[in-house]
Amino acid sequence: MATPPDPNTENSLFDRAPCGLMRCAEDGRFLLVNHTFCEWLGYDAEALVGQLRFQDLLTVGGRIFHHTHWLPLLEMQRSISEVKLELKHRDGSTTLPMVVNAVLRMADGVKVQDIAAYVARDRDKYERELVSSRMKLQELVTESKRLHEEARDRALFAEQMIGIVSHDLRNPISTIQMATTLLQHAVVDKAQRSIVERIFRSTQRANRLLVDLLDFTQARLGRGLSTTLQPIDLHSTIREAIEEFSLNHPGRLQHATVGEGACTADPNRLVQLVGNLVGNALTYGNDETPVTVTSRVSPQRFSIRVHNFGPPIPSATLSKVFEPMTRGTTATSVQRSVGLGLFIVRQIAQAHGGTASVTSSAEHGTAFEIDVPST
């Protein structure tokens, strides 16, 4: 049987082990230390053994931990694993991070602590970098929240400002529109009448834009569009709306009806919805083909469908066509709207408890439809 190495021999495995090894009395006083541990901390064995305690080499925080955690845990568990501590170098100006394992056992009838220590510079560096990264992340999250709140406040302010300005502009626009109507009856010169009619059409378009902006603001501020639900004849309501639109577009609009019966809805909102859909269809559709509006009533639901032929909506745009500021296709500067019409259409459908959908292809044309369950 091989003879165990003498721990007091300088060249022994104990003395030259790649870790700090030591035996301490129950009170922490050094009984035995290896050369590796002494070299790391700048001590001779004689300066430690019988002279200092293990806890004397710890920082203030380490000594507190030793007293409040180390000793109680070692007494209860008889061992401690992978405790990270800072040990002071003999020069007093530096510390060495170490991971320490300890076992409490009996030797020659007395309790002793056998301790192994490993230098943990890389681990300490990693932990410090991890803490630093976590702090930076927290700072970034805080900054992101601040920027998000600022953006939300700016968006809210902008939406409120849109609503205020749109509301205040309605009175002067209405005054211009009323004056233009009077001039239409008073002006007899053909050139002047043409100018007056152009002004009237522009004020109508401006008024529609203001209505859309007010509805957009109301929807975005979280209240949703207001509706006044009542029993209506859907076919009659849609027919009257189409007849009004046909005055400026003779021969372009067709109305188809399916089913009979009353339904509950806000007639003014439905007229607004049809106006937005028909306006889009007339603007982007083929001038040589009609725009067909189909109103459908059944005991379970009612629907309104507006169909036209023309360039299809690109597939990339189709999924977001009901979002504000989105346009399905390109248009001239005269035709181009602010991009709220289809957003308002979806809001009106949702205010009735329904949905809005769209299909578009070169072969079958483009069809917008709202579908509302009966209440």
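The values are calculated or read from the model by the stated rules, or taken from the named source; none is laboratory data. Since we're looking at a predicted model, the values are computed, not measured. Counting neighbours? That spans all protein chains shown, and the Cβs are built from the backbone with ideal geometry, glycine included.
Give the range 66-85 a look and list any residue that's buried (at least 16 other Cβ atoms within 10 Å of the Cβ) and either assigned to a helix (DSSP H, G or I) or touching a Gly at 6+ places or on another chain (Cβ under 7 Å) (or both), or say none.
HIS66, TRP70, LEU71, LEU74, LEU85
Which condition number in (1) modelled with pLDDT under 80; (2) among the β-branched types (Val, Ile, Thr); (3) surrounded by fewer than 18 Cβ atoms within 10 Å (Cβ to Cβ) is the one that THR257 fails?
Of everything listed in (1) modelled with pLDDT under 80; (2) among the β-branched types (Val, Ile, Thr); (3) surrounded by fewer than 18 Cβ atoms within 10 Å (Cβ to Cβ), THR257 misses just condition (1).
Assuming TYR43 fulfils every condition listed in (1) crowded, with 16+ Cβ neighbours inside 10 Å; (2) assigned to a strand (DSSP E or B); (3) touching a residue at least 24 places away in the same chain (Cβ under 8 Å) apart from one, which condition is it?
(2)
Across the range 96-111, what is the total count of residues that are free of Cβ contacts under 8 Å to residues at least 24 places away in the same chain and surrounded by fewer than 18 Cβ atoms within 10 Å (Cβ to Cβ)?
Of the residues in that region, 4 qualify.
Out of (1) assigned by TED's automatic domain parsing to the domain that holds PHE30; (2) modelled with pLDDT under 70; (3) not basic (Lys, Arg), what's the single condition that is false for VAL110?
Answer for VAL110: the failing condition is (2).
Mind telling me which of the residues VAL60, VAL119, VAL103, VAL49 ends up being out of contact with any Asp or Glu (no Cβ under 8 Å at 6 or more places or on another chain), of a type outside the set (Phe, Trp, Tyr) and over 19 Å from ASP15 (Cβ atoms)? Show your work before the answer.
Numbers: VAL119 fails: over 19 Å from ASP15 (Cβ atoms); VAL103 fails: out of contact with any Asp or Glu (no Cβ under 8 Å at 6 or more places or on another chain); VAL49 fails: over 19 Å from ASP15 (Cβ atoms).
Just a single option satisfies the conditions, and that option is VAL60.
Looking at the range 344-373 only, could you name the residues that are over 11 Å from SER303 (Cα atoms), in a strand (DSSP E or B) and of a type in the set (Val, Ile, Thr)?
VAL358, THR359, THR366
Quick one: in the range 161-201, which of the residues that are of a type in the set (A, V, I, L, M), touching a helix residue (DSSP H, G or I) at 6+ places or on another chain (Cβ under 8 Å) and modelled with pLDDT of 70 or more is surrounded by the most Cβ atoms within 10 Å (Cβ to Cβ)?
Filtering first and then ranking leaves VAL196.
Scanning the range 46-63 for residues that are among the aliphatic types (A, V, I, L, M) and in a helix (DSSP H, G or I), which turns out nearest to MET98 (Cα to Cα)?
Filtering the range 46-63 for residues that are among the aliphatic types (A, V, I, L, M) and in a helix (DSSP H, G or I), the one nearest to MET98 (Cα to Cα) comes out as LEU57.
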